[in-house]
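To start, the structure under review is shown below, and the notes come after it.
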Amino acid sequence: MKLDMTLKFLGTGTSCGVPQLRCGCRVCRSTDRRDARTRASALLSVGGVNILIDCSPDFYHQMLAAGQPDVDALIITHSHYDHVGGIDDLRPYCHARGGLDVYCQADVDSDLRTRIPYSFKADPYPGVPIFKLHDISAYEAFSIQGIDIMPFRVMHGLLPILGYRIGNLAYITDCKTLPAESVDVIKGVDTLVINALRPQEHATHMNLNEAFDVINDVRPRKAYLTHMSHSMGLHAEHAAMLPEGVQPAYDGLSINIVD
Ligand SMILES: [Zn+2]
Ligand SMILES: [Zn+2]
Ligand SMILES: [Zn+2]
């Protein structure tokens with residue numbers, strides 16, 4: 001089946017966002033809106049079905065900026081605050097359908113029950129967001145309204161989290177190392193989204209060179225960098241230095257994925 005896919009980057013920043021609070025560096029002071037990076041999340045539209053990838057603490061403002069598109073389901077990479085902190089704001093999307101479908105690993109499932117326990121009570125307070133949690137595992141395909149999704153293993157330092165392949169798109173965030181089996185799952189994909197924190201090394205996130213290594217292994221037509229910190233420099237300068245086919249994403253960027 002041919003898929004008509006659009007990915008909108010809602011947030012492309014690292015966990016503390018850019019500008020970073022109480023930082024006066026030139027990136028944090030920049031007036032280029034591409035240097036304002038909220039916490040990482042994206043909205044994938046496939047044939048009219050909207051799948052949210054992570055729900056950052058900036059979700060509410062991201063959705064206002066995006067014109068309040070619908071959300072049909074949420075898929076989660078891992079349960080760090082910068083990827084699930086906005087989940088309570090999904091409330092209006094839950095009630096329309098008697099509970100929003102959420103796909104995540106078992107560890108994320110249990111973290112969510114701790115984070116928003118009021119949503120999972122037997123007799124919940126009226127108006128709380130209601131979720132239908134579906135546990136998924138790396139390399140076990142599932143589908144959302146007929147859209148096939150393949151989760152694959154991503155190592156966030158020592159924490160095993162998920163990346164997702166949907167058609168000709170692979171989305172990876174918070175990766176430090178990518179197992180060979182996952183490279184096989186996404187090899188030759190049209191569009192690869194991959195995290196690159198900064199030029200310098202970090203214990204749990206890829207730096208720029210480590211992201212390049214994955215891009216060279218996967219060989220996508222286009223690669224977009226996300227989850228960037230202020231240490232990456234100004235968008236305009238950074239973008240000009242990247243090799244052909246690789247570009248930094250920015251908040252609000254929409255891309256079409258070639259099937
Ligand atoms: Zn993160
Ligand atoms: Zn700064
Ligand atoms: Zn993380």
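Quick rundown of the values:
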item	result
Members of region 145-157 found to be surrounded by 15 or more Cβ atoms within 10 Å (Cβ to Cβ) and more than 17 Å from the chain's Cα centre (by Cα), listed by number	Ile147
Selection from region 194-205 of residues that are among the polar types (S, T, N, Q) and either in contact with a Phe, Trp or Tyr (Cβ under 6 Å, 6 or more places away or on another chain) or within 16 Å of ligand 2 (Cβ to nearest atom) (or both)	Gln200
Top-ranked residue of region 199-219 - restricted to ones that are within 18 Å of the chain's Cα centre (by Cα) and free of Cβ contacts under 8 Å to residues at least 60 places away in the same chain, ranked as nearest to Asp82 (Cα to Cα)	Thr204
Residues of region 1-40 that turn out to be touching a residue at least 60 places away in the same chain (Cβ under 8 Å), open to solvent by 40 Å² or more (accessible area, probe 1.4 Å), within 14 Å of ligand 1 (Cβ to nearest atom) and not in a loop (DSSP other than H, G, I, E, B), as a count	0
For Ser45: the one exception among (1) in a strand (DSSP E or B); (2) open to solvent by 10 Å² or more (accessible area, probe 1.4 Å); (3) touching a Phe, Trp or Tyr at 6+ places or on another chain (Cβ under 7 Å)	(3)
Test: Leu208 is within 26 Å of Pro57 (Cβ to Cβ), open to solvent by 10 Å² or more (accessible area, probe 1.4 Å), away from ligand 2 (no atom under 16 Å from the Cβ) and touching a helix residue (DSSP H, G or I) at 6+ places or on another chain (Cβ under 8 Å)	yes
Which listed residue, of Gly67, Gly98, is farther than 26 Å from Pro151 by Cα and part of a loop (DSSP other than H, G, I, E, B)	Gly67
When residues of region 86-111 are limited to those that are within 16 Å of ligand 1 (Cβ to nearest atom) and in contact with a helix residue (DSSP H, G or I) (Cβ under 8 Å, 6 or more places away or on another chain), the one farthest from Leu133 (Cα to Cα)	Gly86
Among (1) touching a residue at least 24 places away in the same chain (Cβ under 8 Å); (2) assigned to a loop (DSSP other than H, G, I, E, B) - the single one Asp88 does not satisfy	(2)
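Residues checked against (1) within 16 Å of ligand 2 (Cβ to nearest atom); (2) in contact (Cβ under 8 Å) with a residue 40 or more places away in the chain; (3) in contact with a Phe, Trp or Tyr (Cβ under 9 Å, 6 or more places away or on another chain); (4) on the phi < 0 side of the Ramachandran plot:
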| residue | (1), (2), (3), (4) |
| --- | --- |
| Asp58 | no, yes, no, yes |
| Val71 | no, no, yes, yes |
| Ile75 | no, yes, yes, yes |
| Ala96 | no, no, no, yes |
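The values are calculated or read from the model by the stated rules, or taken from the named source; none is laboratory data. Just so you know, these numbers come straight off a predicted model, no measurement behind them. So basically every Cβ, Gly included, is an ideal-geometry build from the backbone, and we count neighbours across all protein chains shown. Note: accessible area is taken over every heavy atom of the protein model, side chains too, but ligands, DNA and RNA are not part of it. Shrake-Rupley method; radii C 1.70, N 1.55, O 1.52, S 1.80 Å.
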